[in-house]
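Notes follow once the structure below has been shown.
The values are calculated or read from the model by the stated rules, or taken from the named source; none is laboratory data. From a predicted model like this one, the values you see are computed outputs, not experimental measurements. All Cβ positions, glycine included, derive from the backbone under ideal geometry; neighbour counts span all protein chains shown.
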Amino acid sequence: MTRDTVIFDFGGVITSSPFEAFNRLEDERGIPRDFIRRVNALERDGNAWARFERAEIDAATFDAIFADEAKALGHDLRGEDVLAVLAGDIRPRMVAALDWLKDNGYRIGCITNNVPTGSGAGMARTADKATAITAILARFDCVVESSKVGIRKPDPAIYHLACEQLGVAPAQCVYLDDLGINCKPAAELGMAAIKVASGDQALTDLEAVLALPAGTLA
């Protein structure tokens with residue numbers, strides 16, 4: 001079956017990884033690197049972060065519960081401080097690739113684990129960034145947000161939902177995400193999964209999967 005549909009994660013793929021911002025915050029506060037990821041991995045589906053991504057709690061509740069979880073691991077850090085650095089920097093070459101794919105007949109979709117904070121799916125904290133992200137999201141044929149559908153990756157249901165909205169089978173899709181745990185269910189469903197470490201690597205791998213000449217998406 002032809003791979004004629006490309007589904008993107010947003011943070012860490014279309015924008016720089018939020019983990020980079022988390023590390024900067026940790027460095028500023030004298031907290032061990034990847035501490036925030038440790039907190040967010042506690043009881044993977046029942047911690048404050050997971051519940052906020054499914055919009056089961058509001059920002060104030062997340063702030064308080066995250067602070068308690070962080071304190072239990074030995075450091076003082078508010079959830080609000082983490083939310084303040086969430087929105088990554090837009091990767092222009094990834095946006096250009098979206099335009100090329102769209103112009104050349106590919107369906108494009110987005111599956112994003114996000115939280116109901118800031119402005120829009122990109123969780124922007126400034127009006128300018130919110131406007132820029134809104135323009136990017138408008139390019140997609142469908143956008144599935146965890147905070148709106150109440151399902152978060154890596155639950156296979158969210159991938160099925162995107163396929164239903166796009167009107168395609170998983171075997172028609174390429175899926176890009178910066179987390180291996182989110183790529184695994186996509187691959188198990190029959191998608192060609194690409195784990196994103198950088199924008200350049202992602203575009204090179206996408207060209208290979210789609211059998212495009214090298215440099216097409218560069």
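Points worth noting:
- Applying the condition of being of a type in the set (F, W, Y) and not in a loop (DSSP other than H, G, I, E, B) to segment 1-54 and asking which residue is nearest to L210 (Cα to Cα) yields F8.
- Residue check, T216 over 30 Å from A41 (Cα atoms), part of a helix (DSSP H, G or I) and β-branched (V, I, T): no
- Residue within segment 158-165 that is in a helix (DSSP H, G or I), of a type in the set (S, T, Y) and surrounded by fewer than 19 Cβ atoms within 10 Å (Cβ to Cβ) present: no
- Answer from K153, K148, K129 - the residue that is touching a residue at least 12 places away in the same chain (Cβ under 8 Å), outside any loop (DSSP other than H, G, I, E, B), crowded, with 16+ Cβ neighbours inside 10 Å and charged (D, E, K, R): K129
- Qualifying positions in segment 55-100 - among the hydroxyl-bearing types (S, T, Y) and in a loop (DSSP other than H, G, I, E, B): none
- Those residues of segment 101-111 which are loosely packed, with under 14 Cβ neighbours inside 10 Å and in a helix (DSSP H, G or I), in sequence order: D103
- For first residues located in segment 163-179 and over 25 Å from Q201 (Cβ atoms), partners that are among the aliphatic types (A, V, I, L, M) and buried (at least 19 other Cβ atoms within 10 Å of the Cβ) and lie 6+ apart or on another chain with Cβ distances below 7 Å form the pairs Q165/V144.
- Selected residue (only one of E43, E28, E80 is farther than 30 Å from A169 by Cα and modelled with pLDDT of 95 or more): E28
- Tally, over segment 15-41, of residues that are within 18 Å of I181 (Cα to Cα) and touching a helix residue (DSSP H, G or I) at 6+ places or on another chain (Cβ under 6 Å): 3
- Residue under evaluation K184, criteria (1) touching a helix residue (DSSP H, G or I) at 6+ places or on another chain (Cβ under 6 Å); (2) not in a loop (DSSP other than H, G, I, E, B), criterion not met: (1)
- Candidates in segment 62-89 are the residues that are over 20 Å from S147 (Cβ atoms) and hydrophobic (A, V, I, L, M, F, W, C); of these, the one that is surrounded by the most Cβ atoms within 10 Å (Cβ to Cβ) is A70.
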